[in-house]
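The values are calculated or read from the model by the stated rules, or taken from the named source; none is laboratory data. Only a predicted model underlies this, so the values are computations on that prediction, with no experimental measurement involved. Positions of Cβ are generated from backbone atoms using ideal geometry, with glycine treated the same way; all protein chains shown enter the neighbour counts. We work out accessible area using only protein heavy atoms, side chains counted, and drop any ligands, DNA or RNA first. Shrake-Rupley method; radii C 1.70, N 1.55, O 1.52, S 1.80 Å.
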Amino acid sequence: MDMLKINNLFVNYGDKEIIKDLSMNIKKNKITAIIGPSGCGKSTLLTTLNLMLEENGGNFTGDILFKNKDILSYEKDNIRKMIGMVFQKPTPFPFPIYKNLSYAPIYYGTKDKKELDNIVKTTLKRVGLFNEINNDLNMLATKLSGGQQQRLCIARALTVNPEVLLLDEPCSSLDIKNTENIEEMLLRFSKDYTIVIVTHNLAQAKRISDYTAFILDGELIEYDETEKIFSNPKDDKTKEYIEGIYG
């Protein structure tokens, strides 16, 4: 089943065309990796999928269907609840840990303190942070280590029960151990969420994704099951990128 269907997508920032006639379907409860050189449009694609693009000064034409419904027919707040986003650099709010995790549920209408406590506890457990910081929930989230901050940001996205999780280079600034923790987490989460991850780490894409899309200069060059992309790419440009000839 397709969670997102993208048809003839063009994305522009002013006169600059970033994405050109891109069409692809993103499978439900699968991990899709987006690979390609810096500046090819990977991150722009993510911000288009949860309607953050316009706030960044861009616009798009074409069709994006979320659960077979035009994404523009949804309220933006609802889209961002259902399609969560985690950025490359950890971005905890300058609040205590508890407030970071209760902020979105409160915004979307949860008022009961016991329910909020349960959301905070459950999401911390899901990202493996509960035992590490359970006694420090009133500590500023910005005092956590980089790996902990990134896991907190993932937990924050999960507090409102999204259906899709978009991640833009979530491990680029992390060490090997924290990268392993997040990869293991994403593999577990794919049973419950549709995950789209932008990554420059080709080994990471190969390790954790079910499908891989290769974008070059704003164009989708190839999109297939990850095993096929890495073992037998159909396009020479994909083969050259994977082999490190350019990118």
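Summary of computed values
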| item | result |
| --- | --- |
| Helix axis angle, 176-189 relative to the chain longest principal axis, alpha carbon, degrees | 90 |
| Per residue accessible area in Å² of the chain, where ligands, DNA and RNA are left out and the probe is 1.4 Å | 48 |
| Globularity index of the range 25-136, i.e. its alpha-carbon radius of gyration over 2.2 N^0.38 Å | 1.27 |
| From phi via Karplus (6.51, -1.76, 1.60), per-residue ³J(HN,Hα) for the range 26-38 in Hz, x at Gly/Pro | 9, 6, 5, 6, 10, 9, 10, 9, 10, 10, x, x, 4 |
| Packing rank of 158-167, 132-141, where each peptide gets the mean count of other beta carbons within 10 Å, highest leading | 158-167, 132-141 |
| Reciprocal mean inverse distance between Cα atoms of the range 187-247 - Kirkwood radius, Å | 12.2 |
| Computed [θ] at 222 nm, deg cm²/dmol, the chain (DSSP H ≥ 4; -39,500 (n - 2.57); rounded to nearest 500) | -10500 deg cm²/dmol |
| Shape parameters for the range 138-242, alpha-carbon atoms, Rg then Dmax in Å | 15.5, 53 |
| Per-selection Kirkwood Rh - the range 146-208 (Cα, Å, 1 d.p.) | 11.9 |
| Alpha-carbon Rg with Dmax, taken over the range 20-61, Å | 11.3, 31 |
| Percent carbon-and-sulfur accessible area, the range 123-189, ignoring ligands, DNA and RNA, probe 1.4 Å | 45 |
| Gyration tensor over alpha-carbon atoms, the range 80-207, equivalent ellipsoid semi-axes in Å | 23, 17, 12 |
| Qualifying lysines (Cα of each under 30 Å from Cα of K234; at least 8 residues distant if same chain) | K5, K16, K20, K27, K28, K30, K42, K67, K191, K206 |
